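This report refers to the structure that appears directly beneath it.
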Amino acid sequence: MSISFDDNKFNFLGSNAGSFDFGVAGKTLTVSETCIIDQDLQKSATVQHGSLGLGSAPGAILHVEGAGTAIVTAGTETVSYFKQITAATHSFIAVDALAGYDSGIFLAEDGTYKWAIRNDYSSDTHQFEIRNASNAVRFQMEQDGSLFLPEVYADTVTSSRDLEIQSDGKIVYVSSNLASKTNISNIQNSDWLYYLNPVSFEYRKEVDGGYTDESEGIKNFGLIAEEVNTILQNNSVSEYLLYKDEEGNLEGVNYKGLIIPLLKLAQDQKIMINNLTSRIERLE
């Protein structure tokens, strides 16, 4: 292979076989104009030693710096662009680390680290995490879908809206306005509440998706889903009062679903108390 220089460009001539070194030992090779490797050649360019800087002297193995451009819709500040051009093939960017180390992406402002998106290798579940500038975990998801927001409990509520999680995992809010409702009817009877069996209990510790015989040691109050199912087996309210998985197995009780029936029961008892009070007054 031979190298010539004319019209302000280098020409590489000869066989495409093998490899060659191009550069000056201990020096930086700078290309001041556009440099194109013709894709028709179907060849690779390799920087075997040192670092490669695009738009700047390299501060890392690969350093890309420059003004953003509108290369994708609404992406007017795009600095780096990757596109898969093979037909019917997905496109990914792989960030790979050696065994025993995290892989991730740093988000920074003018060279100062602000956020990190990373895989935490230290857990057997390889948790997906978002950490802040203090390296504190702010979002965490495990391979089984378990989701953690560690600091949410410390936030003070100013304005809020009740949220629910659907069986498919979608987070939604529950509307109470008339426009969102149909088949509206008054509750006629909520006496079934009298037959429910409130209990105190402690949760078992959970390990690998199952329960151990060891208690978490914290007292709770609630209902047993299987008991509620038996008591309400002939009552349609069980359809919204009990949670079931896709196979129909009982998972829990919708405690919020008890509030309105309790309100109805309190109203009925108020009427009964008023009637009894009137009767007592007449007897006196």
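Once segment 254-278 is narrowed to residues that are surrounded by 13 or more Cβ atoms within 10 Å (Cβ to Cβ) and more than 21 Å from TYR173 (Cβ to Cβ), the residue that is farthest from the chain's Cα centre (by Cα) is ASP268.
When the helices (runs of 4 or more DSSP H) confined to segment 220-284 are screened for residues that are not assigned by TED's automatic domain parsing to the domain that holds PRO198, those reaching at least 1 such residues are found at 259-283.
Screening THR230 against (1) without any contact (Cβ under 8 Å) to a residue 24 or more places away in the chain; (2) touching a helix residue (DSSP H, G or I) at 6+ places or on another chain (Cβ under 8 Å); (3) among the polar types (S, T, N, Q) leaves a single unmet condition, (2). Only one of LEU242, LEU232, LEU258, LEU223 is farther than 22 Å from ILE165 by Cα and not charged (D, E, K, R). Can you tell me which? The unique qualifying residue is LEU232. Out of GLN140, GLN188, GLN166, GLN127, one residue alone is among the polar types (S, T, N, Q) and either touching a Phe, Trp or Tyr at 6+ places or on another chain (Cβ under 6 Å) or touching a residue at least 60 places away in the same chain (Cβ under 8 Å) (or both). It is GLN140.
Selection of segment 137-161 for residues being of a type outside the set (Val, Ile, Thr) and surrounded by 10 or more Cβ atoms within 10 Å (Cβ to Cβ) yields ARG138, PHE139, GLN140, MET141, GLU142, GLN143, SER146, LEU147, PHE148, LEU149, PRO150, GLU151.
Here ALA87 meets the list (1) of a type in the set (A, V, I, L, M, F, W, C); (2) in a loop (DSSP other than H, G, I, E, B); (3) not assigned by TED's automatic domain parsing to the domain that holds LEU54 almost entirely, failing just condition (3). For segment 73-106, residues that are surrounded by 10 or more Cβ atoms within 10 Å (Cβ to Cβ), under 25 Å from the mean Cα position of the chain (by Cα) and hydrophobic (A, V, I, L, M, F, W, C) total 4.
The values are calculated or read from the model by the stated rules, or taken from the named source; none is laboratory data. All values derive from a computational prediction rather than experimental measurement. Reconstructed Cβ throughout: ideal geometry from the backbone, glycine too, with neighbour counts over all protein chains shown.
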